1. If I filter the range 102-120 for residues that are of a type in the set (S, T, N, Q), farther than 17 Å from PRO55 by Cβ and either over 13 Å from the mean Cα position of the chain (by Cα) or buried (at least 16 other Cβ atoms within 10 Å of the Cβ) (or both), do I get at least one hit?
2. In the range 100-143, which residues are within 29 Å of SER174 (Cα to Cα) and of a type in the set (Phe, Trp, Tyr)?
3. I want to confirm something. Restricting to the range 61-92 and keeping residues that are out of contact with any Phe, Trp or Tyr (no Cβ under 8 Å at 6 or more places or on another chain) and assigned to a helix (DSSP H, G or I), which single residue is surrounded by the most Cβ atoms within 10 Å (Cβ to Cβ)?
4. Of the residues in the range 160-185, how many are closer than 18 Å to ASN149 by Cα and in contact with a Lys or Arg (Cβ under 6 Å, 6 or more places away or on another chain)?
5. Residue by residue through the range 58-92, note down the ones that are over 10 Å from the mean Cα position of the chain (by Cα) and either polar (S, T, N, Q) or under 11 Å from PHE104 (Cα atoms) (or both).
6. Mind listing just one residue for me: the one in the range 146-157 that is under 25 Å from the mean Cα position of the chain (by Cα) and open to solvent by 30 Å² or more (accessible area, probe 1.4 Å) and, of those, nearest to LYS67 (Cα to Cα)?
7. Could you check the range 188-199 and list, in sequence order, the residues that are surrounded by fewer than 16 Cβ atoms within 10 Å (Cβ to Cβ) and within 20 Å of TRP126 (Cβ to Cβ)?
8. Hey, any hits in the range 125-135 for a residue that's under 22 Å from GLU198 (Cβ atoms), in a strand (DSSP E or B) and open to solvent by 40 Å² or more (accessible area, probe 1.4 Å)?
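The values are calculated or read from the model by the stated rules, or taken from the named source; none is laboratory data. Everything numeric in this text was worked out from a predicted model, so none of it was measured. FYI the Cβ positions are ideal-geometry reconstructions off the backbone, even for glycines, and counts take in every protein chain you see. When the accessible area is computed, the model is the full protein with side chains, heavy atoms only, and any ligands, DNA or RNA have been set aside. Shrake-Rupley method; radii C 1.70, N 1.55, O 1.52, S 1.80 Å.
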Amino acid sequence: MFIFSSSDNSLLRLLLLTIALLAVTSSTRALPVKGVTSVELNARGAAQSRPQQCPSIKDIEAHIKAKSGGLVKNAVYWSYPGSIKRAEAFVARDRGDRHYIYDFVKNEDIARWGNLCPPEQGNLLWARASYAFAKLSKGSAYVVTGQGNPEDSIWQKYEFQVLKATGQVNSVFSLDPVSLAPTMIWSRNKKVENFPKEP
């Protein structure tokens, strides 16, 4: 049996407190990494990235690249009077060879990123995602739209302009919102445009 004096009890309490603090602080440590991510190491040393600030177009581009494996051929877009349903129908006709943004960016991603953004930037996340998706498009691109598409739509302001500026897209087709019949609206033999201002 051990007998502790009052000074020994203080030492024992200090030792137990130190052990408890070490156990808590060693379970997760954050290591800063250049850019908008930090890496957390859990007690087993496994790394996990997590964003720390509102994602830029480059961040979203990296997210899409990680899921797509690189450039995206035969990208499909939609804009009023087209709809996501008609874009999905067109993608479904040749599922292995066509992709639209929801293959790589989900509403849950936008919601999670929105928690990191001030309100004025959070409202721009879909525009940034669309810009990033257009930067990664190659080959042919398609948009389900028609007469009456507003000039301030994401398609007009960002996606179409970026597709024309990358040098990776050969042609852009407009798809009729009802029949999905294609009409070429741009080809690379036309002048390559400048990138639009980023949202």
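1. No, the range 102-120 contains no residue that is of a type in the set (S, T, N, Q), farther than 17 Å from PRO55 by Cβ and either over 13 Å from the mean Cα position of the chain (by Cα) or buried (at least 16 other Cβ atoms within 10 Å of the Cβ) (or both).
2. Answer for the range 100-143, where residues must be within 29 Å of SER174 (Cα to Cα) and of a type in the set (Phe, Trp, Tyr): TYR100, TYR102, PHE104, TRP126, TYR131, PHE133, TYR142.
3. That would be GLU61.
4. 2
5. Passing the criteria: SER68, GLY69, VAL72, ASN74, SER79, SER83.
6. Here the residue is ILE154.
7. Residues of the range 188-199 that are surrounded by fewer than 16 Cβ atoms within 10 Å (Cβ to Cβ), as a first pass: 188-195, 197-198.
Of everything in the range 188-199, those that are surrounded by fewer than 16 Cβ atoms within 10 Å (Cβ to Cβ) and within 20 Å of TRP126 (Cβ to Cβ) turn out to be PHE195, LYS197, GLU198.
8. Initially, the range 125-135 is screened for residues under 22 Å from GLU198 (Cβ atoms), giving 125-135.
From the residues that got through so far, the ones that are in a strand (DSSP E or B) too are none.
Within the range 125-135, none of the residues are under 22 Å from GLU198 (Cβ atoms), in a strand (DSSP E or B) and open to solvent by 40 Å² or more (accessible area, probe 1.4 Å).
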